[in-house]
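None of the figures in this text is laboratory data; all of them are computed from the coordinates on show. Note that the structure is predicted; figures quoted are calculated from it, not measured. Backbone-built Cβ (ideal geometry, glycine too); neighbour counts: all protein chains shown.
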Amino acid sequence: MTTVKEVLMTAAELIGEDGLKKSVGEGSSSSEELSLLLKCFNLVEDELALDYFPLKTCEKFAPADGKIAFTAFSEAPVRVLKVTDAEGGGLPFDVFFDRVEVHGSRGDVEVTYAFAPATKTLEGNSDFSGRVSARLIALGVATEYLLAVNRFGEAAAFEKKYREAIRAAGDPRRKLTARGRRWA
């Protein structure tokens, strides 16, 4: 599991801010720079979850009159992906601003949905693992931080690396290969 602290230390190291890296290591959250870095982490994690790598979960419900209020979900739903009955068969459903209405349900249902990550603190853990590495998140955090402190040239360079890392992480068929070398 990737920790927020690990990502922020990597981001501070990438942008060459040793003082900021030390602040992250010590956990001195009173630092204005550290608060900005943490805000950047939360922005990047939201962007990744909402635009590139949806965070998904499944929950079981016993809908009353076919209705399930969003307040009953353990996470904040962004998009309902599917609803199934006890046997695993798909059920038709409609999504409203405050609820999901399931049609044809005769008991418990399982709802699979994408959710937005919760706001993290310095001692928290990222919701991502696997293809979305700590380094990928750190590249995004570095980009956002550099933009926030008006270091636009450096931010543009990190933005390019960040977008390339997203593209690479999103392609499951991608294979890393090294070109053959010719020796003279």
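Listed cross-link partners Lys39/Lys60; Lys82/Lys161; Lys21/Lys161; Lys22/Lys56 are compared with a 25 Å cut-off, the Cα-Cα value being larger for Lys39/Lys60; Lys82/Lys161; Lys22/Lys56. In order along region 97-111, the phi-based Karplus estimate (6.51 cos²θ - 1.76 cosθ + 1.60, θ = phi - 60°) of 3J(HN,Hα) comes to 4, 10, 7, 10, 10, 9, 9, x, 8, 10, x, 5, 10, 10, 10 Hz; Gly and Pro are listed as x. Relative to the compact-globule estimate of 2.2 N^0.38 Å, the Cα radius of gyration of region 55-115 comes out at 0.97.
Are there GluC sites (Glu not before Pro) in region 55-130 that DSSP marks as loop and that have at most 11 other Cβ atoms within 10 Å, and which are they? Write out the running numbers ahead of the final one.
Working: sites: Glu59, Glu75, Glu87, Glu101, Glu110, Glu123; in loops: Glu75, Glu87, Glu123.
In loop regions of region 55-130 (DSSP not H, G, I, E or B), the sparsely surrounded GluC sites (Glu not before Pro) are Glu87, Glu123.
In the chain, the calculated helix contribution to ellipticity at 222 nm averages -12500 deg cm²/dmol per residue, counting -39,500 (n - 2.57) for every DSSP H run with n ≥ 4. So what's the net charge close to Asp65: Lys and Arg +1, Asp and Glu -1, counting the other residues with Cβ under 11 Å from its Cβ? Taking every other residue near Asp65 into account, the sum is +1. The structure shown yields Rg and Dmax of the Cα atoms in Å, and of the options (i) 16.0, 46; (ii) 20.9, 77; (iii) 15.6, 50 that calculated value carries the label (ii). Full extension of the chain between Ala148 and Val95 gives 15.4 nm of extra length, using 0.36 nm per residue less the Cα-Cα distance. Of all the stretches in the chain, which is the longest one without any exposed loop site, taking chymotrypsin sites (Phe, Trp or Tyr not before Pro) in a DSSP loop (any state but H, G, I, E, B) with at most 11 other Cβ atoms within 10 Å? Excluding the exposed sites themselves, the longest stretch runs over 1-95.
Against the chain, whose longest principal axis comes from its Cα atoms, helix 4-14 is set at around 30 degrees.
Karplus-based coupling profile of region 140-154, in residue order and whole Hz: x, 5, 4, 4, 4, 4, 4, 5, 5, 9, 6, 9, 5, x, 5, with θ = phi - 60° in 6.51 cos²θ - 1.76 cosθ + 1.60 and x standing for Gly or Pro.
Treat the count of other C-beta atoms within 10 Å as a stand-in for reagent exposure and order Ile166, Ile137 from fewest to most. Each step should come with its number before you reach the end.
Numbers: Ile166 20, Ile137 25.
Ordered from fewest to most neighbouring Cβ atoms within 10 Å, Ile166, Ile137 come out as Ile166, Ile137.
Taken along the Cα-to-beta-carbon direction at a fixed 7 Å, the label points for Val78 and Cys58 span 2.1 nm. In the chain, with Lys and Arg counted as +1 and Asp and Glu as -1 at Cβ, which of these residues, Ile166, Val141, Gly66, has the Cα nearest the positive end of the dipole, that is, farthest along it? The listed residue farthest towards the positive side: Ile166. Here's how it looks for Leu55: its modeled amide H is under 5 Å from those of Phe115, which are all 5 or more places away or on a different chain.
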